[in-house]
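The values are calculated or read from the model by the stated rules, or taken from the named source; none is laboratory data. Keep in mind it's a predicted model, so treat the numbers as computed, not measured. Methodologically, a virtual Cβ is constructed for each residue, glycine included, from the backbone with ideal geometry; neighbour enumeration extends over all protein chains shown. These area figures cover heavy atoms from the full protein model, side chains too; ligands, DNA and RNA do not enter into them. Shrake-Rupley method; radii C 1.70, N 1.55, O 1.52, S 1.80 Å.
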Amino acid sequence: MRRVDGARPVDMRGGASLDVSARVGADMLPTRARLLERHEEMGAVGAVIDRLCEHARTGGKTALPGELLVVESEAGWGKTTILDETRRIAVSRHCTVLWAKGGEREQARSFSVVRQLFFNLLARCSDDERAELLGEWYDIIAPAIGLCPAAAGSRPDPLGVRDALDWLMTGLTQRYGPVVLLVDDAHWSDTESLQWLAGFARQLEQWPVLLMVARRTEELTEVHDLLRDLASLDRAHRMRLARLSPGAVASVVEAVLGPGDAAFVERCCEVTGGSNFVLWATLKEFRRRGLAPVSAHALQLADIAAEQIGPRLAARLEGMGEATIAVARAVAVLGSDATPVRVAALADIPVTEVGGIADRLRATAILINEDVLGFVHPLIATAVYQFIRPSARSALHARAARLLVADGRDARSAAVHLLATEPCGDPWVVEQLRLAADQDKKAGAPHSALRCLQRAMNEPPRREERAAVQYELGRAWFVSSPEQAITHLRAALADDQGDRVLREAIVLHLSRALGYVDRVSEAVALLDAEAQAVHSVTTRLRLQAEHFLWAVWWVDDPDYHARARRLKNLVVRLEGKNRTERCLLALRAWYGVVRGDPMVQVLASADQAWGPGLTWTDEEWGFEIPGLLALTYMYCDRNDRAEELFTDGIRELRAHGWLGTHLSYAYSLRSFVRYRQGKLALAEEDCRAGLRLALRLGPLAQARWYPLSVLMEVLIARGRVDEAAELAETHGFTEPFPNTVVTPVPQAVRGELRLARNLLPEAESDFEEAGHKLERRGVTNPAWCPWRIHLAKALATRDPEAAYEQASEALRRAYRFGAPSAMGQALRVAGRLEGGQKGIAKIEDALMWLEHSDARYEYALTLVEYGMVLRREFGDRDAVDPLFEGLTVAVGCGADALAEAARAELVAMGQLPPPLMLGQSPEELE
């Protein structure tokens, strides 16, 4: 991959400081001494960077060299030194370097590590360069990185943000060449950044990138499991650093103090534990005091080493004066926000005094020499922070939050501190945490939003705000745990103070949460009760719309027929003037499809519903309404409009970063449309895209049923029955089937698979059971689920009379609905079962209907069957034309097995030459 003309490699260090083993050594030791016993690790790093550079030099002709290196050790053993040396090597080889560092105080700040990696680089780009790098992902990725606030109404899916970051990495490698990503102290990374890094690492073979992360092995933080999984990847090369050996300790002593005697070196090993940082810091203090490295002074080593970290360090700071300890505490609390002005304000000292105190702390190797104040090592920061009394820590964090807001920082920056405070019933705290949660959700960080809202509830909010906060908390839980969402939304209802708009929102989201965990009956009952209790006509109509929407998915609805009649009566005077009316009309159309009402009536309601306002990313209405409307058009053989709706939905979902369940659903159902159109290759492509998205949510995610059901039908149509069976086995396509409505019906699809494998009794059982469930809830349309037609085929050998009865009933219902594809399919099967001249007439009728529909696969199937029947009944002459046309249409559809069957018939009739055998020439065939 070549770097674009004019683009230079960059070295972006997102404000992260180096480990003191590098920084202290910089003024007293050469690089070789600082990397004692680390040459094997650096050799591996150098080899990886060489491969990156070779890939760039050859214009991408060598294999992509993406690598993952994980540096592991206890605190203070030199991980940062390894990363800093890697940075130096990478820059010297003209690689682009992006650097970030996790922080103990910054773990709660969403995308903190991502921001460090990319913000400086993108902020320095021109508008045109940023547009080129981010493309259509700008609105999703910019808020996460901190380039701009999120747009109103933005709620990107976390998967969408991660995909956007992958896109950015692709652009960076294309523009700048090889990239080295360095993440220090990854155990303190925020969850959102590490989730992206973990996903990115699994695909590293796609990029010329070295991803190198350093972590403490003894630190158990909330991202421990993510880091463990990252380090366990097959492509991960783990570098487990060992403590310094006695020989290395002796070399360091000599480099800092001169040759030391054996007793002194042995004591150094004991008191420092072979820790790089503690050793350097101890020896530097030893030198400052003018002590020689001899056994007579060895007894002082323990005291000096103890003063470098832990409680003794804090006590040492106290001895330097109240102002000094106040500055140190302020730096510890503020973390990466510790500017001199803020430190002065938090420490309650004049800003003019901060510089002198900071210089004294730098002289004793406690603070680093940078504009933003920070400690030379996290061990020092931890020691100072833990030495602050809990009540004082809470007060300092509360003040720090107000300082940041006063400085113009956003609520998310304040929330980092507010999360560390003790609850005190402060309305300002609740306000800031709610604002932070909203900002996190808009940036695609629901995990962080959840944490802010939980803390807001603990504050607690005022009585009049409790319902609103519980509602927001319930919505935040919705994606990761609908059951938890139900708990908080029910609590919000109980806390309702009479706000009609809020109560309506709570009820709507509670019904959705209930529906998503297969408690559809409770959702329907809740909406029904609320609709009857309200006085506002507008609110009642909105609740009724949601009521009918969730009843759609209720498999065991005992009142389906009466509910359908109620809906029909409700919409009779509606004209589609607003979103609520259009949604009700769309639902009326869908109920009509399911019941098998005349297609002309169904389309009349659908056409009234179709129009502006039915969007796929509307949080108030959800994506179900446009999806049901698109499926309505599909079942009515308006496949072009259905495909258009799903394509628009996919485009809209991608633009908003909704790359989870919603996008999987849209791809899967567009594939169903394309399957019915006979675009089998495109249908398979869509199915697999939908399945990949569904499986990202987990191997047993409910979203998998949609793409699996369609994909199995597509594979059967393409003649790849064994592959379909393997797919079903791999993904658990068996009982228990979902309790909510899925289209195509999974149990009927399994029946089709068994039918294709000639497992007739098992197929018969599947179709009968699926049919019983559908009939019980009033699903009578063979276009919606042709289970009777398939059951007829399963019964054909064992009980031809029963098979014909099933096919005839399906045909009667198909005529009532009136969709050409449904009538054509039912006529074909009924005609084949009836046989004789009447049977042939039915198949000819089927061809008449199908020829004028876009159900091309069904048309191809009917043509081939018609040709076979004609050949069997009347001989070869009449069968030639339908078989040739069937072959042409089948090839165009990608129905390989059907095309092969037609070709075999034509070969047997002498109308086509037989296929060449392996190694046979056309001349030999003649």
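Just checking, which of Val354, Val333, Val327, Val343 is under 37 Å from the mean Cα position of the chain (by Cα) and either without any contact (Cβ under 8 Å) to a residue 60 or more places away in the chain or on the phi < 0 side of the Ramachandran plot (or both)?
Val333
Would you point out which residue out of Tyr667, Tyr675 is touching a Cys at 6+ places or on another chain (Cβ under 9 Å), in contact (Cβ under 8 Å) with a residue 60 or more places away in the chain, among the aromatic types (Phe, Trp, Tyr) and more than 27 Å from His547 (Cβ to Cβ)?
Residue meeting the stated conditions: Tyr675.
Can you name every one of the strands (runs of 3 or more DSSP E) wholly within segment 1-109 that holds 2 or more residues which are surrounded by fewer than 22 Cβ atoms within 10 Å (Cβ to Cβ) and at pLDDT below 70?
Strands (runs of 3 or more DSSP E) meeting the threshold: 11-13.
Which residue pairs have Cβ atoms under 6 Å apart, sit 6 or more places apart or on different chains, and have a first residue in segment 720-740 that is within 30 Å of Glu900 (Cβ to Cβ) and a second that is open to solvent by less than 100 Å² (accessible area, probe 1.4 Å) and part of a helix (DSSP H, G or I)?
Val721/Ala756; Glu723/Leu715; Ala724/Met712; Ala724/Leu715; Ala724/Ile716; Ala724/Leu753; His731/Leu708; Phe733/Leu708
When you scan segment 487-495, do you find a residue that is in a loop (DSSP other than H, G, I, E, B), at pLDDT 90 or above and among the acidic types (Asp, Glu), even just one?
Among the residues of segment 487-495, at least one is in a loop (DSSP other than H, G, I, E, B), at pLDDT 90 or above and among the acidic types (Asp, Glu), which makes the answer yes.
For segment 651-685, how many residues are open to solvent by less than 10 Å² (accessible area, probe 1.4 Å), at pLDDT 90 or above and under 22 Å from the mean Cα position of the chain (by Cα)?
7
Name the residue that is most open to solvent (accessible area, probe 1.4 Å), counting only residues in segment 437-483 that are hydroxyl-bearing (Ser, Thr, Tyr) and part of a helix (DSSP H, G or I).
Result: Tyr471.
Yes or no: Ala415 more than 23 Å from Leu489 (Cα to Cα) and in contact with a helix residue (DSSP H, G or I) (Cβ under 7 Å, 6 or more places away or on another chain)?
Yes: the conditions hold for Ala415.
Out of the residues in segment 225-250 meeting the condition of being open to solvent by 50 Å² or more (accessible area, probe 1.4 Å) and in contact (Cβ under 8 Å) with a residue 24 or more places away in the chain, tell me which one is nearest to the chain's Cα centre (by Cα).
Asp229
Looking for something part of a loop (DSSP other than H, G, I, E, B), closer than 20 Å to Gln107 by Cβ and more than 29 Å from the chain's Cα centre (by Cα) - is there at least one such residue anywhere in segment 413-421?
Yes.
Condition (residue is more than 18 Å from Ala449 (Cβ to Cβ) and either modelled with pLDDT of 90 or more or part of a helix (DSSP H, G or I) (or both)) applied to segment 144-161: is it met by at least one residue?
Checked against the condition, which is being more than 18 Å from Ala449 (Cβ to Cβ) and either modelled with pLDDT of 90 or more or part of a helix (DSSP H, G or I) (or both), segment 144-161 yields no hits at all.
Looking only at segment 262-274, count every residue that is part of a loop (DSSP other than H, G, I, E, B) and surrounded by fewer than 16 Cβ atoms within 10 Å (Cβ to Cβ) and tell me the total.
Qualifying residue count, segment 262-274: 1.
Restrict the check to segment 532-544 and report whether at least one residue is out of contact with any helix residue (DSSP H, G or I) (no Cβ under 7 Å at 6 or more places or on another chain) and among the β-branched types (Val, Ile, Thr).
Yes, because at least one residue in segment 532-544 is out of contact with any helix residue (DSSP H, G or I) (no Cβ under 7 Å at 6 or more places or on another chain) and among the β-branched types (Val, Ile, Thr).
So which of Val327, Val384, Val341, Val372 is under 24 Å from Ser189 (Cα atoms), assigned to a helix (DSSP H, G or I) and β-branched (Val, Ile, Thr)?
Exactly one residue qualifies, and that residue is Val384.
Condition (residue is more than 25 Å from Asp50 (Cα to Cα), part of a helix (DSSP H, G or I), among the polar types (S, T, N, Q) and touching a residue at least 40 places away in the same chain (Cβ under 8 Å)) applied to segment 113-125: is it met by at least one residue?
Yes, segment 113-125 contains a residue that is more than 25 Å from Asp50 (Cα to Cα), part of a helix (DSSP H, G or I), among the polar types (S, T, N, Q) and touching a residue at least 40 places away in the same chain (Cβ under 8 Å).
Need pairs with beta-carbon distance below 6 Å; first residue farther than 14 Å from Leu211 by Cβ and within segment 47-59, second among the polar types (S, T, N, Q) and open to solvent by 40 Å² or more (accessible area, probe 1.4 Å); sequence gap 6+ or separate chains.
What qualifies is Glu54/Thr62; His55/Thr62.
It is to be established whether one or more residues within segment 557-570 are open to solvent by less than 30 Å² (accessible area, probe 1.4 Å), of a type outside the set (Phe, Trp, Tyr), touching a residue at least 40 places away in the same chain (Cβ under 8 Å) and not in a helix (DSSP H, G or I).
There is at least one residue in segment 557-570 that is open to solvent by less than 30 Å² (accessible area, probe 1.4 Å), of a type outside the set (Phe, Trp, Tyr), touching a residue at least 40 places away in the same chain (Cβ under 8 Å) and not in a helix (DSSP H, G or I).
Restricting to helices (runs of 4 or more DSSP H) lying wholly in segment 689-807: which have 3 or more residues that are closer than 24 Å to Tyr665 by Cα?
705-717, 721-730, 746-756, 760-776
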